[in-house]
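Colleague: The structure's right below; bear with me while I get my questions together.
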Amino acid sequence: MALRALIFDVDGTLANTERDGHRPAFNAAFAEVGLPWYWDESFYGTLLIKSGGLERLHFYAEHFDPSVRARPDFEQLMQRINELKTRNYQRLLAAGAIPLRADIGQLICDARTEDVRLGIASSSKLENIVGLLRANLGPNAEAWFDAIVSGEVVQSKKPSPDVYKKVLEQLKLPPRDCLVVEDSAHGLASSLAAGIPTVITLSDYTHDEDFEGARMVLHEAEHLSLEKLRLWHATASTS
């Protein structure tokens, strides 16, 4: 069975956005609203059990700062922080502070050249996805992708399969014709539940997670290539 489409996660897969982008953007937002919160690199990794920025804020307040959770303006405050964080993230993108992982840009270009379709399945906001693509691949780079599904348009975020099922609907392809590139156990659970074979490329925060069911698990120093992905997809198709 030929590989007809590659579907990418974003955060940790296309770029080290959690370390270089989301975490510092959150910390700047906390300072802007006068909250004494600060998420260092190590602690931030523990918060990634929650997909989505707003969900992460709620989780932190509930478990680590109940006094903030009890504020009558709690929901408005979390929305405000999330909005400020998105603005800060966009500024980091504009400054070139969040590059794609070393092999990803070439892989995307090779896929386009060889008529392998492209999709994105992410829990991030669409604004952040598009901003990352444009900052690294050029204006209107989102048009290179036949399907981009963000966390805003699905009922449940990863590890629910909703986001991957929606990408398949937009691509109008069966799961067996696609291959997912993910970096986390939550992402793997999501893609496998949608029936799509999946390759894992480890990121800063996912080295110790369980990736049973993945076609292949690559360390950060191991580069992806279209040739490798086709081989792993062929292996999945015959197993």
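Colleague: Working only within region 211-224, note down all residues that are surrounded by fewer than 17 Cβ atoms within 10 Å (Cβ to Cβ) and at pLDDT below 95.
Modeller: Hits for region 211-224 are His219, Glu220, Ala221, Glu222, His223.
Colleague: Just one of the numbered conditions (1) of a type outside the set (A, V, I, L, M); (2) crowded, with 22+ Cβ neighbours inside 10 Å; (3) within 15 Å of the chain's Cα centre (by Cα); (4) closer than 21 Å to Ala5 by Cβ is not true of Pro161; which one?
Modeller: (2) is the only condition that Pro161 fails.
Colleague: Considering only region 226-236, I want to know if a residue exists there that is out of contact with any Asp or Glu (no Cβ under 9 Å at 6 or more places or on another chain), of a type outside the set (D, E, K, R) and free of Cβ contacts under 8 Å to residues at least 24 places away in the same chain.
Modeller: yes
Colleague: Look through region 16-39, keep the residues that are of a type in the set (Phe, Trp, Tyr) and in a helix (DSSP H, G or I), and return whichever of them is surrounded by the most Cβ atoms within 10 Å (Cβ to Cβ).
Modeller: So the residue we want is Phe26.
Colleague: Next question, about the same structure. Taking Leu179, is it crowded, with 20+ Cβ neighbours inside 10 Å and either free of Cβ contacts under 8 Å to residues at least 60 places away in the same chain or assigned to a helix (DSSP H, G or I) (or both)?
Modeller: Considered against the rule, which asks whether it is crowded, with 20+ Cβ neighbours inside 10 Å and either free of Cβ contacts under 8 Å to residues at least 60 places away in the same chain or assigned to a helix (DSSP H, G or I) (or both), Leu179 comes out as no.
Colleague: Restrict the check to region 121-144 and report whether at least one residue is among the polar types (S, T, N, Q), over 19 Å from Arg23 (Cα atoms), over 16 Å from the mean Cα position of the chain (by Cα) and part of a helix (DSSP H, G or I).
Modeller: The answer is no; no qualifying residue exists.
Colleague: Looking only at region 186-208, count every residue that is in contact with an Asp or Glu (Cβ under 8 Å, 6 or more places away or on another chain) and surrounded by fewer than 21 Cβ atoms within 10 Å (Cβ to Cβ) and tell me the total.
Modeller: Within region 186-208, residues that are in contact with an Asp or Glu (Cβ under 8 Å, 6 or more places away or on another chain) and surrounded by fewer than 21 Cβ atoms within 10 Å (Cβ to Cβ) number 2.
Colleague: Can you pull out the residues in region 137-148 that are surrounded by 19 or more Cβ atoms within 10 Å (Cβ to Cβ) and under 27 Å from Ala95 (Cβ atoms)?
Modeller: Selection gives Phe145, Ile148.
Colleague: Can you find a residue that is over 13 Å from Asp9 (Cα atoms) and at pLDDT below 95 anywhere in region 190-198?
Modeller: no
Colleague: Could you say which residue among Leu92, Leu126, Leu54 is touching a helix residue (DSSP H, G or I) at 6+ places or on another chain (Cβ under 9 Å), closer than 22 Å to Phe30 by Cβ and surrounded by fewer than 19 Cβ atoms within 10 Å (Cβ to Cβ)?
Modeller: Matching residue, one of Leu92, Leu126, Leu54: Leu54.
The values are calculated or read from the model by the stated rules, or taken from the named source; none is laboratory data. Quick caveat: nothing in here was measured; it's all calculated off a predicted structure. Ideal geometry is used to build each Cβ from the backbone, glycine not excepted, and the neighbour counts take in all protein chains shown.
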